[in-house]
Each structure stands twice: as C-alpha cells, then as structure tokens.
Amino acid sequence: MKSIYRLKKNYQYNYVYKHAQSVADKNFILLYCTAHSNPSKIGFSVSKKYGHAVQRNRIRRQMKAAVSAFAPQIVAGYNLVLIPRKKEAYNYGDIADSVGKLLQKAGLTQ
RNA sequence: GAGACAGCCAGACGGUUGCGUGGGGCAACUCACGAGGAAAGUCCGAGCACCACAGAGCAAGAGUGCAGGCUAACGGCCUGUGGAGGCGACUUCAAGGAAAGUGCAACAGAAAUAUACCGCAGCUAACGCUGUAAGGGUGGAAAUGCAGGGUAAGAGCCUACAUACGUCUUGGCGACAAUGCGUACAUGUAAACCCCACUCGGUGCAAGAAAUGAGACCAAAUGCCUGCUCGGCAUCUCGACAUAUUCGCUGGACGCUAUUGGUAACAGUAGCGGUAGACAGAUAACCGUCCAAUACAGAACUCGGCUUACAGACUGAACUCUUAC
RNA sequence: GGCACCAUAGCCAAGUGGUAAGGCAGAGCUCUGCAAAAGCUCCACCCCCAGUCCGAGUCUGGGUGGUGCCU
C-alpha cells in the first residue's frame, strides 16, 4: 500500500475525529468523512492500551494488508481512520472479513 | 548421579503478491540492501552541537570510596587482598574514618556508656556496712571467650589457646600476610549529619545550521553563561493548522579471522568485510518442506558499559562432590 | 525521542527510623415507637522485590503503574 493513500498529519486525523461518521463491529471501528482526496486516504490508529510495540506493529501491518486488498474498490473523496477494538491477537482471515463488511456497511465500496 | 565455570545461537530454505531506502533506466521496469542481544529501562561514561574558547574566584550542591592494572572515559572490566557463604569446584560484598565534633539508640531492663536489682563472700546480735562481677534475668548490644591456677568470695589477678588493638622485623609495587613483643583501653550507627581523598560548567539531535514568507525598525535595554563577584557572548517580532523544507543522519574509540605480548581485562601487527536511516514512521499476507519447539521483544544522532526481560537447544576445558566397580 | 515528578483504607490525605493521625464513605452497637442527628467500636501486605539497620511507610538499589513538561 503506497504512502500517498495514507493520512499523514495530525490535523488530518483531528479533522476526521471531529467530523466523522462511524461504523463498527466487534473487531474494528471505522471512522469516515468526506474530503477532497482522490483517491481516498486512510489512516491507522493503534492505542498504547493494545500492547507493546511488537503487538501494535503487527496489528497495524495486518490492517494495512487487509485494506490494500480492498483498495481498488474504495470510492474516492473520503478520509478514513481504522481502529482495532479487541485486545487479543487477531488472525488475518477475520480481519479481512471485518474490513470488507465495514467498508460495505459504510457504503464506500463500488 | 548431583553440581560449579566460561561461551555461543535466537529458526532455516523455497514460491506467489506487496512495503522502505539507494543505484540504473525517457518510461514500463529492474538490481542491491533492509531491526536486537537486549533495539527496553534511561542508571553511568564519552563523542557531537549550542551557550564564550568551557573560562577565573567564592559559596553551595551532586557523585565515587580495599590494592594494582585495563580503557577515550566511567560508578565499567580484569587480577589480587580482606570479610561472608559452600564438604568442595567456586560464588558473593556501596569494603575509607566512630581516638575531630554533633545527633540517635523506642520498648524491656537495676543500669545503655554508664551501673549493682537478685546473688556470692567477709564483718555484725540485728539494721546494715564493705568487697565482688562467677551466676540469674532484660535486650540487637551489658567491661573479650573458654579451661586451669588463684581467692574469704571473686576478678586478665596469673598461665595456655583463641579474639581485638598497637608496634618491631621479614615478605609483597600495594591492599595485606607471617613471626615476635606489648596491651585488654576504647558499645553500635556514617545506606544519620559530618570528616578525609578524588571527580563534576549547563543544556540535549524537540541540540543546532541553512534557505524561504509577512510585519516592524536601529534604540538601550533584554536574554544567556544554575547562586554571588568578575569576565564575556548574542541581538527585532510573528507566522507556516504545536513537529513545514533541506541538512544534522550514519565509516565508526567499527566488526570478524589469524598471530604476537600479557595470568587476565586488554594492546600491537596483518588480512578480510561494508552493515537500516524513516518522519503517521518501512519486514507484511498466503502457502510448502525440515524441525521436539519458537521465548523476551521493534532502530529514531552515535558509541562504551550497567540493570532488567527471555522458550528451547548447543559447545568447551575435562573442574568439584557422592556412590559403585 | 529527551527531562522531571508521584504511588499510604473504597475516596481525600497527615506522618522526625521506634504502636500508621484525621475527615468522608461502609459495617456493627447504643439511643428511638421507627428513622435522622449524636456517641462508641471495627475496617491498612504503607505499589512490588532485594539490601543497610537491633528495628524501614520513612534510608539505598532494582522493577511496576501513573502524571506533567520540552518545538
């Protein structure tokens, strides 16, 4: 997943947090709001409560891999933030399912 | 069979799809490299940068504390000395000074740095007086322990063996050790203040440098150098969505191997190697084979240590004890 | 990334190395016809592990968790 598809700045994250709509299931929370970005940009936020650095890096990489699988289908003009909910370890199949369902539920896939 | 010491590894190989940095190419694309022994804690020591070149004096504060060596330096390491532990191989210790001074030692106990409650012995008709510190009891600590002599009863009062201190000689670079002689006086606490010796300027890459935009304006004050006195330096403010851009940024007191010197830490010489550099921050997803199995854990300026976390293996010298033959 | 600070009962907290003050809350008892108020009593592994000391909440070292500041 190329870095141009990602949110970079703190103000971008703050904007999403303030203006976002959200959808969630037991695994993830997905925040999204309209923006002038084309294609859409996505950021990942993993809390320190989730675990130490190795665990946080692992869940972030798995989220990136799952999102990049859906990347061609995502509608342009949105900024997204994806946040994990569970504290236990994930397996990749569940992550991919959840992300796909959430994107569909939010109406962001073509 | 049970231990003791030293060291090393931290899954490997392959396939498909992807990520970061750098090189090549007009481009499509392609090639190379891509987290650790602790990257962690930030506990010490340095480099580097700015403050003045890191300064002078005074005061205060902080740290270290057996000896010799190693190191760029260190509070680190090595080899010893002494204490403590272990049958032993061996392990371990913030290990100067209590005779410079001050403070503290609750409760218990007769008495806590000075004493005589019970007791023992002598004298006395008795009250009591004198001598004593064997024994009892309290306490973490009560005038060195134990045996013999000695005595009215006792007591280093005397003697042997220990213990502690002082001192001569000898050995050792030294810490110190051994023998002899003398003494038995000095409670503990410095991880209480303190004394002695040595060391320490401050801030940390969010240090700092360059370039760019806007608005003021050339004056005597402001700021900084940890307190004071000197001495000195710099020179406006704001913004860029509180980390704009580029640099700092990775080749070093570097690593590995061999050899020489050294008990060792380490040092010298020769050869070989090229080893992340991001800025929302790169190692992932799926699968196959081997394996008994994969722990602790993710670089953010860089090194040397220390401390803490850690599954499972492996190696060395053949070191100690016990049992059997 | 760097630099500082804190941790004592459910909550707020005091605490010179020598028995852990106090307030609120909670539980029990007294009082009352029943309550409230009042009074009495109870409620602590001083964050954890080592060390120094005769003796650590306090002193020293290490760890855990939390808080603040630095452009």
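The values are calculated or read from the model by the stated rules, or taken from the named source; none is laboratory data. Every value quoted in this text rests on a predicted model; they were computed, and no experiment measured them. Every residue, glycine among them, receives a Cβ derived from its backbone with ideal geometry; neighbour counts consider all protein chains shown.
General remarks:
- Residues in segment A:97-110 that are modelled with pLDDT under 80 and in a helix (DSSP H, G or I): there are none.
- Scanning segment A:41-74 for residues that are over 14 Å from the mean Cα position of the chain (by Cα) and hydrophobic (A, V, I, L, M, F, W, C) returns A:Ala53, A:Val54.
- Residues located in segment A:18-61, provided they are in a helix (DSSP H, G or I), touching a residue at least 24 places away in the same chain (Cβ under 8 Å) and surrounded by fewer than 13 Cβ atoms within 10 Å (Cβ to Cβ): A:Lys49
- For segment A:69-89, the set of residues classified as of a type outside the set (A, V, I, L, M, F, W, C), within 14 Å of RNA strand B (Cβ to nearest atom) and modelled with pLDDT of 80 or more consists of A:Asn79, A:Pro84, listed by residue number.
- If only residues of segment A:7-55 that are of a type in the set (Lys, Arg) and at pLDDT 75 or above are counted, the one that is farthest from RNA strand B (Cβ to nearest atom) is A:Lys26.
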